[in-house]
Amino acid sequence: MADLCVDEYTDHGHCGVLDVHGDVDNDLTLEIYAKAAVAQANAGAHVVAPSGMMDGQVAAIRSALDAAGHTDVAILAYSAKYASGLYGPFRDAVDVQIVGGGDRKGYQQDWRNAREALTEVEADIAQGADMVMVKPALSYLDVIVAVRAITNLPVAAYHVSGEYAMIKAAAANGWIDHDTVALEQLTAIKRAGADVILTYFTRWFAERAMGANTASGLPS
């Protein structure tokens, strides 16, 4: 799977190109997303995941992929991506910040609004999404439940860097038990209706599961 966005390649940190007024140019950005998706598919990606939250991005990418002969490449749409304060550790790690102290609230979703997520999900499905995403996960379990109720497509949830870091920091200070809370949170996301969980705990969970299988005699 290949994430598809441009914020790490711009000098301003936004998820799209800017117009002469300094605003994100949605339609011009779609042209870049379409080219990037084809390049990712050419490189071998089986799934492309547009995370920039531009209007019409799924339709533009699906059209470009099909025209390039990549009809079998799936799209995981970041349909409900909120303008959350929980992305900080990731953005620090990749050194992506909005120049001048701006934000992405103009195209990411308002975390006070759950209904808009369903509108976005329905739009992405109509445009050809094969899977839909809710991001972040824990603060939006209600959204995961609601999305699960309106579609039979696979629902993904992104347990983001801030959610991961809070467990790590609290465990390092002895305030919580790391393994118990990590598993509790991932289980809550699954219980809410997520078919797929993207998390920084992936390696920890896989090693834990393999160890449990080995101990029980099950194949790992």
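Computed from the coordinates by the stated procedures, all read-outs in this text should not be read as laboratory data. Bear in mind the structure is a predicted one, so any value in this text is a computation, not a measurement. All Cβ positions, even for glycine, are placed from backbone atoms using ideal geometry, and neighbour counts span all protein chains on display.
Counting other C-beta atoms within 10 Å, and keeping those with at most 14, which DSSP coil chymotrypsin sites (Phe, Trp or Tyr not before Pro) do you find in the stretch 106-210?
Trp175
Which net charge results when you count Lys and Arg as +1 and Asp and Glu as -1 among the other residues whose beta-carbon is under 12 Å from that of Val181?
-3
For the stretch 28-45, in order, what is each residue's ³J(HN,Hα) by Karplus, 6.51 cos²θ - 1.76 cosθ + 1.60 with θ = phi - 60°, in whole Hz (x at glycine and Pro)?
Once rounded to whole Hz, the list reads 5, 5, 4, 4, 5, 4, 4, 5, 5, 4, 5, 4, 5, 5, 4, 7, x, 5.
For Tyr78, what is the net charge nearby, where nearby means another residue's Cβ is under 11 Å from its Cβ and Lys, Arg count +1, Asp, Glu -1?
-1
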